[in-house]
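The values are calculated or read from the model by the stated rules, or taken from the named source; none is laboratory data. Fair warning: this is a prediction, and the values are worked out from it, not measured in the lab. FYI the Cβ positions are ideal-geometry reconstructions off the backbone, even for glycines, and counts take in every protein chain you see. Just the protein is used for accessible areas: all its heavy atoms, side chains included, with ligands, DNA and RNA removed. Shrake-Rupley method; radii C 1.70, N 1.55, O 1.52, S 1.80 Å.
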Amino acid sequence: MILDFTSALLSPDDARAPAGETHACLRVLADHPPGIHLEKDCLTIAPGLQTVAADGLTEHWAIRGEGKPSREGAVHLLEHEHLLFAAWHRTDDPLEANTRDAYRDLFRAIRSRGFDYPIRIWNYFSRIHGDECGLERYQSFCIGRAKALDELDVPEESMPAATAIGTGAPGLFVYLIAAREPGRAVENPRQVSAYRYPQQYSPESPAFARATRIEGTRGPLLLLSGTASITGHESRHAGDCAAQAREVLANLDALAAVAGDDVPPPAWLRVYLRRPEDQPAVAAVLAVHYPEPPRLQWIQGDVCRRELLVEIEGVHARTS
Ligand code: 3EB
């Protein structure tokens, strides 16, 4: 299935869609009070993200055609003939139980509509390094997700690209894009697959692919998971944000290389920084790496391991 699908970081000046054309869209706002807003043809999520310097950018995923909004408990849905946007939001305390509910509710909702395959998932919650029953909350999150996937008979290796980031705002947000056919999971030759991480990071390994490739009418899109300074399964360059950023870029390049030589350059990237003051040093690394820089958004967020200072996600796609 080739999808007439676009992904962009839009500035307030960008035209959203050519006049007279209907699109179903998923929008993600930063610097907005946390919440989900569902209207005809658009599902808007504000998952508690804060920019490093207010940029007014909106993440925007759109597919040509009509969208049908609906609600099922904590799940908000926008259904298009070929794609389904779904978002879950409730308290993030207790985190394990709520994560389990989120994945169970979301998978039931997408499956009952014939969209069995998530192609991209995002997870945001607060106090990622806080304690829950003697475990770090990121571990509780991984356990809740693993339990739900087990109950749902979803193999870990079938999961798509994902992001999991700690925010400063309370509330668990899990949202996804689902399709009727799976995307292609892409693993990174420089990294152990997350679902094969040894137990030292979490009693239940994280379940996500390093990237998902999907075919669009304007060529392939490569949806990049949140990518950190990890090679093998180990964190690299503790304390050095510039060296971590270079490692992240090497990981992103390796992913693009195995995804196919027809994959275009990144259209946009979102950089999560644990410490906003690292922005100039990380920006300098990106400027050297990309002669034609993709559009960038800088978000203050906590990466799942304390020593990791930077994580980058984004999308490779043709921009014109
Ligand atoms: C890593 O590579 C960094 O648990 O869904 C990145 C993207 C990370 C997604 C997840 C975790 C997740 O392990 C952390």
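How big is the range 196-320 along each principal axis, measuring the range of its Cα positions in Å and listing the largest first?
41, 35, 20
Can you tell me the relative contact order of the range 31-127? Whole percent, Cα pairs under 8 Å, sequence separation 6 or more.
20 percent.
Under a Cβ-Cβ cut-off of 15 Å, what is the net charge of the residues other than Arg196 that fall near it, where Lys and Arg count +1 and Asp and Glu count -1?
With Lys, Arg at +1 and Asp, Glu at -1, the neighbours total -3.
Taking a 1.4 Å probe, which of Asp131, Asp240 shows the most accessible area, and what order do the others take after it? Intermediate results must be reported in sequence, preceding the final value.
Working: Asp131 110, Asp240 70 Å².
Putting Asp131, Asp240 in descending order of accessible area: Asp131, Asp240.
Out of Gln50, Gln199, Gln300, any idea which swings most in a Gaussian network model of the chain, alpha carbons joined below 10 Å?
Top of the fluctuation ranking is Gln199.
Please report, in cubic angstrom per residue, the volume enclosed by the convex hull of the alpha-carbon atoms of the chain.
121
Please sort by residue number the GluC sites (Glu not before Pro) in the range 236-320 whose DSSP state is loop and whose Cβ has at most 16 other Cβ atoms within 10 Å.
Passing both the DSSP loop test and the Cβ count: Glu307.
Mind checking which of Ala257, Ala30, Ala87 has the largest fluctuation in a GNM of the chain, springs on alpha carbons under 10 Å?
Maximum among the listed residues: Ala257.
In terms of the ratio Rg/(2.2 N^0.38 Å) built on C-alpha atoms, what value belongs to the range 5-150? Working shown, then result.
Working: Rg = 16.3 Å, N = 146, 2.2 N^0.38 = 14.6 Å.
The range 5-150 yields a ratio of 1.12.
Under a 1.4 Å probe, what is the accessible area of the chain per residue, stated in Å²?
40
Could you check how much of the accessible area of the range 175-320 is carbon and sulfur, as a whole percent, using a 1.4 Å probe?
The value for the range 175-320 is 50 percent carbon and sulfur by accessible area.
What number, in percent, do you get for the relative contact order of the chain if the mean sequence gap of Cα pairs under 8 Å and at least 6 apart is divided by its residue count?
17
Run the accessible area of the range 1-115 with a 1.4 Å probe and give the carbon-and-sulfur part as a rounded percent.
50
Which of Cys133, Cys25, Cys241 moves the most in a Gaussian network model of the chain with Cα springs under 10 Å?
Of the options given, Cys133 has the highest mean-square fluctuation.
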